[in-house]
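The values are calculated or read from the model by the stated rules, or taken from the named source; none is laboratory data. Given the structure is predicted, the values throughout are model-derived calculations rather than measurements. Glycine also receives a Cβ, built like all others from the backbone with ideal geometry; neighbour counts cover every protein chain displayed.
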Amino acid sequence: MARKGIDINDLKKIPEKFAKIPMAHKVVALAALLVVSGVVYYFFFFSEVQQNRANVEKRITKLKSDLVKLDEYQKDERTQEREKERKNELLKRLEEQLPKSTNPIEFQEEIYKRAKLAGVRVASVTQADPLIEGQFKAVPFTLDLSGTFVQLGQFFNHISRMTRLVRLSNVNLTVAERKADHHIISAKVIASAFQALTDADKAGAPAAAAPTPPPKKGGKKPAKGGHGKKKKGGDD
């Protein structure tokens with residue numbers, strides 16, 4: 001059976017039929033159409049937009065939190081870098097004041113240079129054995145000097161202003177030569193150059209024990225109790 005097609009005349013009659021519908025029915029039908037369109041729009045369009053907006057808000061909140069954490073991490077890194085720089089600067093100053101070793105030749109050159117600036121004559125510089133003093137090691141040098149009071153005072157001032165820590169002690173002054181306007185003073189002083197302790201210094205290697213001498217051959221053994229037997233008939 002052939003399918004019946006749509007009659008064009010029927011389509012032309014639709015506006016006439018719609019015009020015959022009462023206005024109240026038209027309003028109700030239009031309102032229903034708008035409600036259905038709104039529901040369709042909400043579920044197919046607005047709900048997707050709302051979901052996307054909610055996701056974006058969550059991501060923005062997460063990004064803000066990450067940015068705050070990143071800023072805190074960067075502040076911590078900058079603080080750590082500043083602390084590291086301060087620590088390195090402090091270590092550098094400590095190493096300058098307390099070097100790990102003392103070069104006798106370089107130290108004597110520093111002594112002679114400062115003596116020349118003050119006009120002091122250096123007769124001799126003698127190094128002694130180093131000493132452990134608490135957290136430091138002191139390398140003493142005995143200085144034999146001569147000059148005026150002013151010159152010696154300037155020399156001691158130059159020594160006290162050295163970068164490394166140097167202590168002056170055991171100062172012994174005597175008048176070597178008397179002149180009309182000044183006296184030449186002979187001075188002996190110990191300049192101790194301080195340095196940091198090494199691991200060996202901190203460990204404190206024990207001193208070697210003195211060897212026990214072997215017993216002499218043919219020697220008499222001591223009597224028990226530390227006393228010999230008393231002979232009879234001996235003198236009272």
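Would you check which residues across segment 85-125 are farther than 21 Å from residue 196 by Cβ and under 31 Å from the mean Cα position of the chain (by Cα) and list them? Selection gives 85 alone. If you go through segment 49-61 one residue at a time, do you hit one that is modelled with pLDDT under 80, out of contact with any Gly (no Cβ under 6 Å at 6 or more places or on another chain) and not in a helix (DSSP H, G or I)? No, segment 49-61 contains no residue that is modelled with pLDDT under 80, out of contact with any Gly (no Cβ under 6 Å at 6 or more places or on another chain) and not in a helix (DSSP H, G or I). Filtering segment 62-115 down to residues that are of a type in the set (Val, Ile, Thr) and surrounded by 10 or more Cβ atoms within 10 Å (Cβ to Cβ), which residue is modelled with the highest pLDDT? Looking at the filtered set, the residue picked out is 111.
Each row is one residue, and each column tells you yes or no for (1) in contact (Cβ under 8 Å) with a residue 24 or more places away in the chain; (2) basic (Lys, Arg); (3) assigned to a helix (DSSP H, G or I).
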site	(1), (2), (3)
63	no, no, yes
78	no, yes, yes
83	no, no, yes
87	no, yes, yes
90	no, no, yes
101	yes, no, no
105	no, no, yes
109	no, no, yes
125	no, no, no
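Working only within segment 141-177, note down all residues that are part of a loop (DSSP other than H, G, I, E, B) and either surrounded by 13 or more Cβ atoms within 10 Å (Cβ to Cβ) or of a type in the set (D, E, K, R) (or both). Answer for segment 141-177, where residues must be part of a loop (DSSP other than H, G, I, E, B) and either surrounded by 13 or more Cβ atoms within 10 Å (Cβ to Cβ) or of a type in the set (D, E, K, R) (or both): 148, 161, 162, 164, 165.
Only one entry of 115, 180, 138 meets the criterion of being in a loop (DSSP other than H, G, I, E, B), among the hydrophobic types (A, V, I, L, M, F, W, C) and on the phi < 0 side of the Ramachandran plot, and that entry is 180.
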